[in-house]
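The values are calculated or read from the model by the stated rules, or taken from the named source; none is laboratory data. This is a predicted model, so every value here is computed, not measured. Here Cβ is always computed from backbone atoms with ideal geometry, including for glycine, and neighbour counts include all displayed protein chains.
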Amino acid sequence: MVERIKEIIVPFLPLGIVFISWTIVTWESWVDLVYLTLALLSWLLGAFMIRYKLETKRETAQAEKLKKILSRIRHDWANHIQMMIFFLQMKKEEEHYRYLKKLAEDVNKEKHIGVFQSPLLATFLLTIGVEHTNWKWHVDISKDIRISLPEEEDLLQMIKSVADWFDQVGQGKYDWAQIQLTLSEEEQVVYVTFEVYDYDHKKIVLPVTDAWDRLEERVSKLGGKISLSRKKQRMIIQHIW
């Protein structure tokens, strides 16, 4: 808190000094003009310093996020290479082929993210596993989905809210292994489905806590409707555009 106050006050210290000096000098028109000019320059300097700090923070945050993304990609591909080497060494050609086929399918699924007009939505879906690292995320998008840019921005906020909800209610859920996120469209209704699986690839019943009411309210304000399946093994967002 103290550091935050310093960040706001320090850039405008020259302006404060100018005003204090202005009040104790002889009041003459030319002096007023000089101090008014100094005050304006001091204010511009303070505004520039704050803007510079904000831009530096934003660039640092973006660089840190990119670093995490590249690290995650490097880690994932290192694992893939190790698995392929293992299959080759063990002469398991069939398993090796299936593994390569699965990799090709995953890459093809990521290509479908390019259908979105919003770079923010596309980037978030591509990097959701970097920002929400508790579980593996699998994103599957229908290649036929077509929605407008404003609707995509609302959809992004809904998906972010659900991802944050999973982070909150999933704390300590060590049996959660991965979350499947599926987007599809039918008659101008976008469906976003979330399913949680354990390490045996069995669906997990989703908990309903106090946070669920807040999530429902948040999604509703963005123009969507969220619900759980009868057995609570699937969460669905419906968004009409």
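Is there a residue in region 168-185 that is in a helix (DSSP H, G or I), within 17 Å of the chain's Cα centre (by Cα) and either polar (S, T, N, Q) or in the same structural domain as LYS109 (by TED's automatic domain parsing) (or both)? Yes, the conditions are met somewhere in region 168-185.
Matching residues to (1) of a type in the set (Gly, Ala, Ser); (2) under 16 Å from ILE113 (Cβ atoms); (3) modelled with pLDDT under 90:
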{"position": "HIS132", "(1), (2), (3)": "no, no, yes"}
{"position": "GLU153", "(1), (2), (3)": "no, yes, yes"}
{"position": "ASP175", "(1), (2), (3)": "no, no, yes"}
{"position": "LYS221", "(1), (2), (3)": "no, no, no"}
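Determine, yes or no, whether LEU88 is under 16 Å from ALA163 (Cβ atoms) and either within 15 Å of the chain's Cα centre (by Cα) or at pLDDT 85 or above (or both). No, not satisfied. Report whether or not SER184 is at pLDDT 90 or above and of a type outside the set (A, V, I, L, M). No: the conditions fail for SER184.
Being part of a helix (DSSP H, G or I) and touching a helix residue (DSSP H, G or I) at 6+ places or on another chain (Cβ under 7 Å) is the requirement here; does TRP137 meet it? No, not satisfied.
A Cβ distance below 8 Å, combined with a sequence gap of six or more or placement on separate chains, defines the contacts here; from region 131-144, residues that are outside the structural domain of GLN62 (by TED's automatic domain parsing) and of a type in the set (Ser, Thr, Tyr) reach residues that are modelled with pLDDT of 80 or more and surrounded by 16 or more Cβ atoms within 10 Å (Cβ to Cβ) in the pairs SER142/LEU183; SER142/GLU185.
Count of region 113-128 residues, restricted to those that are touching a residue at least 24 places away in the same chain (Cβ under 8 Å) and touching a helix residue (DSSP H, G or I) at 6+ places or on another chain (Cβ under 7 Å), is 10. Any residue in region 199-218 that is in a strand (DSSP E or B) and surrounded by 16 or more Cβ atoms within 10 Å (Cβ to Cβ)? No.
A quick yes/no check of all residues on (1) buried (at least 19 other Cβ atoms within 10 Å of the Cβ); (2) in a loop (DSSP other than H, G, I, E, B); (3) at pLDDT 85 or above:
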site: LYS143; (1), (2), (3): no, yes, no
site: TRP165; (1), (2), (3): yes, no, yes
site: VAL196; (1), (2), (3): yes, no, yes
site: SER227; (1), (2), (3): no, no, yes
site: LYS231; (1), (2), (3): no, yes, no
site: GLN238; (1), (2), (3): no, no, yes
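From the list TRP137, TRP165, the one residue that fits, being within 26 Å of LYS111 (Cβ to Cβ), of a type outside the set (S, T, N, Q) and out of contact with any Phe, Trp or Tyr (no Cβ under 7 Å at 6 or more places or on another chain), is TRP137.
Kindly establish whether GLU105 is in a helix (DSSP H, G or I), in contact with a strand residue (DSSP E or B) (Cβ under 9 Å, 6 or more places away or on another chain), at pLDDT below 85 and surrounded by fewer than 16 Cβ atoms within 10 Å (Cβ to Cβ). It is false that GLU105 is in a helix (DSSP H, G or I), in contact with a strand residue (DSSP E or B) (Cβ under 9 Å, 6 or more places away or on another chain), at pLDDT below 85 and surrounded by fewer than 16 Cβ atoms within 10 Å (Cβ to Cβ). In region 107-131, of all residues being out of contact with any Asp or Glu (no Cβ under 6 Å at 6 or more places or on another chain) and among the hydroxyl-bearing types (Ser, Thr, Tyr), the one that is farthest from ILE69 (Cα to Cα) corresponds to THR123. Among the residues here, SER118 qualifies as at pLDDT below 90, small (Gly, Ala, Ser) and farther than 15 Å from ILE237 by Cβ.
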